[in-house]
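The values are calculated or read from the model by the stated rules, or taken from the named source; none is laboratory data. The structure presented is a predicted model; accordingly, all values stated were derived computationally and were not measured. All Cβ positions, even for glycine, are placed from backbone atoms using ideal geometry, and neighbour counts span all protein chains on display. These area figures cover heavy atoms from the full protein model, side chains too; ligands, DNA and RNA do not enter into them. Shrake-Rupley method; radii C 1.70, N 1.55, O 1.52, S 1.80 Å.
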Amino acid sequence: MSFALYGSASGTDRENQTMLRSDFADDQTHTAVELIFSLHGRIYRILRQLGHVKKGNKTKTGERFEFYEQIDGKEVSCIDRQIVSEMNEKVEKLIGLTQEQFKQIVMLPQGEFRKLLTSDTENKEAILRKLFKTENYRHLNERLRNRRSILEQDYRDAKGRLIQWIRNISAVLPERENVSLFQISTEEHVNVNQILAGLDDELVFYREQIVVDEKSYESAYTMHSKKQSAYFQAEQINNQFMELARKEDEDKRLREQAGVFAEKEKQLKNAERASEMMPFETQVKQWEEDEEKKKIDVEQKEKAKIAAEKVYEKADAFHKEQEGKHEVREQITKTLDRLTGYLPTVQAIDEEKKSLTLLHNTFKKSEIDRAKAQALMEEKKARIDKQYEAIRQLEKKLSSLPKQRKQLDKMREQTRIVMNYLKVNEACGKLHEIAKKQQTIYKQEKQNYEQIEQGWINSQARILASHLHDGEACPVCGSQHHPHKAVQDEKVVTRDELNDAKRIFDEITKTYNEAVANYKATKAQFEDAKKEIENISIRAEKADETYKQLTVQGKKLKSDVNSLEKSEQNLKQYKEVHEQEKAQLKEIENNKEQLEKIYYEQLTAYNKAEARYKERIEPIPMMYANWMC
């Protein structure tokens, strides 16, 4: 029943599920428990079938779980998924007891009844609370206890404030003689009613005192107003005397400065007479300035006269020289008349020469532009070829990147498996040592507890024997003869000592069971990790050495992959730049074609203009034609 409901058999000697299946059972025979039970008028069917390892297999098979409610001959699933966790949760919810509580209350296997009776108080309370449904009363008791704590705290706070206020009476009110209030407030135990009566007396006293003080205040205020009026009048008279003294000092100072003012009046009159002479002085200064300017003008005229005489002398000498060249001038005049006849033709030819020069400069500039475009195109082609070669080399280098990535992932997985095996192996070793140490402590404490328990049983037997008398029936065996009664010795084990030993033993047992469970769980993880490491062809005894090798190789491979990934990014950028360069080369080629077309057009126009120019200068004498060329 316990296994069907909770998946674990009752009794500490049957907790291991592997003990429930016979070692001689056939592989085709499954170990299963099916229970049909009724609860609150509803019928349920639950099935738990253990899995077992068949010959030739490494893992368990055949495990099955079912939990249904039977309604009108049909079965309806009680849980969403037929798995152990949901099944256990649903059973606890229906029955209202955990597995341990069910075993202690419903299932009482032989030899374990004493565990319920000797279990700790908290465990008994939890079981009885569920049986008699007293959980609500416990919550109510906790709420009342919390409420009482809050009220007690409020009372203590109010009492503290009251004591503080009473202690502050002497600080707030001045102490008066023959008043009981101040004597009462300093006592250790204070009567609040006496304090209130004393405060009422003080209130009456200070109200009467307020009336007396108000009359004194009014009288003093009236006297103060009179004195203040007299003070203001006296202050006004005093200010008038001070003003009189100030004006007398000012009059004395002004009388002492009478001579100074007389001297300043004299200076003022002299200044007025001098201001009448200002126009004459200004006219004199103007005449002096005109005289100075005229002197400078005369000097400049004399210098100009000397320079003009020198120029005249040079011109006269040149005139005399030219009078001797009359025949030469006549010859030049004839030549000039002849050349004047060529002037319109020469002017037209000169215009054609200017146009020819302009055409020559234009096609030369086009030739330079065409050469620059050619050089730029060749430079761009060389750069594109260089980029193409770099891209080809990078693509060749990156061809191994997928393989190296796959190798790196494989190496990472191997490293993870080996590292997990090393960690689990180390943890398993530590937990094994802890379990062995806890097992030693557990055995020692178990022996100690059994000795104390036996001592307590013996003590109880001796206490019972001390109350036996011949002729009275023994409550254990019913005999009226007691020939060999237990004798009381000095050492008596009490119930408290037994409970303390039981508590310590339970704690050590719990610690030992946890250590064993942790070790078994880690051991299972170790076996899984060992199988996993063997699956990747790594020997367990060389796991540490292999892990170091994988770490070194992995770092190097990771560095190589990172370098290749960086190169992969650079390749993308190189391709983008390469495409841009190719587009620019296309534009440069189009521009070069346009420049060549313009160059040849301008060259043709220049050759035609040059031929036409040479035809125009043939009729002109050779000497003048050379000058024009």
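Within the range 534-575, count every residue that is open to solvent by 60 Å² or more (accessible area, probe 1.4 Å) and farther than 16 Å from Gln393 by Cα.
Looking only at that region, the number is 18.
Looking at Glu122 and the list (1) at pLDDT 75 or above; (2) exposed (fewer than 11 other Cβ atoms within 10 Å of the Cβ), which single condition is not satisfied?
(1)
Provide a single number: the residues in the range 487-516 that are part of a helix (DSSP H, G or I) and either more than 30 Å from Glu426 (Cβ to Cβ) or modelled with pLDDT under 85 (or both).
The number of residues fulfilling the criteria is 12.
Within the range 317-325, can one find any residue that is surrounded by 10 or more Cβ atoms within 10 Å (Cβ to Cβ) and of a type in the set (Asp, Glu)?
no
Test each condition in (1) open to solvent by less than 100 Å² (accessible area, probe 1.4 Å); (2) at pLDDT 80 or above for Arg616 and report the one that comes out false.
With respect to (1) open to solvent by less than 100 Å² (accessible area, probe 1.4 Å); (2) at pLDDT 80 or above, Arg616 is out only on (2).
Being part of a helix (DSSP H, G or I) and surrounded by fewer than 16 Cβ atoms within 10 Å (Cβ to Cβ) is the filter here, so list the residues in the range 71-91 that pass it.
Initially, the range 71-91 is screened for residues part of a helix (DSSP H, G or I), giving 84-91.
Across the range 71-91, the qualifying residues are Val84, Ser85, Glu86, Glu89.
List the pairs whose first member sits in the range 503-524 and is closer than 22 Å to Thr59 by Cα, whose second member is in a helix (DSSP H, G or I), and whose Cβ atoms are under 6 Å apart, counting only residues at least 6 apart or on separate chains?
Asn518/Leu431; Tyr519/Leu431; Tyr519/His432; Tyr519/Ala435; Thr522/Ala427; Thr522/Cys428; Thr522/Leu431; Lys523/Cys428
When you go through (1) open to solvent by 100 Å² or more (accessible area, probe 1.4 Å); (2) under 30 Å from Leu431 (Cβ atoms); (3) among the acidic types (Asp, Glu); (4) at pLDDT 85 or above one by one for Glu527, which number turns out not to apply?
(1)
List, please: which pairs have Cβ atoms under 8 Å, are six or more places apart or on different chains, and start with a residue in the range 592-612 that is farther than 15 Å from Lys354 by Cα and open to solvent by 60 Å² or more (accessible area, probe 1.4 Å) and end with one that is polar (S, T, N, Q) and part of a helix (DSSP H, G or I)?
Short answer, once both residue conditions are applied: Ile598/Ser366.
Could you grab me the full set of residues in the range 99-110 that are open to solvent by 50 Å² or more (accessible area, probe 1.4 Å) and either part of a helix (DSSP H, G or I) or modelled with pLDDT of 75 or more (or both)? Reasoning before the result, please.
Narrowing the range 99-110 to residues open to solvent by 50 Å² or more (accessible area, probe 1.4 Å): 100, 106, 108, 110.
The one that is open to solvent by 50 Å² or more (accessible area, probe 1.4 Å) and either part of a helix (DSSP H, G or I) or modelled with pLDDT of 75 or more (or both): Glu100.
Are there any pairs with C-beta distances below 9 angstrom linking a residue in the range 384-400 that is more than 15 Å from Gln580 (Cβ to Cβ) to a residue that is polar (S, T, N, Q) and open to solvent by less than 100 Å² (accessible area, probe 1.4 Å), with the two at least 6 apart or on different chains, and if so which?
Leu394/Ser567; Leu394/Asn570; Lys397/Ser567; Leu398/Ser567
Can you tell me which residue within the range 38-70, out of those that are over 25 Å from Arg21 (Cα atoms) and out of contact with any strand residue (DSSP E or B) (no Cβ under 8 Å at 6 or more places or on another chain), is most open to solvent (accessible area, probe 1.4 Å)?
His40
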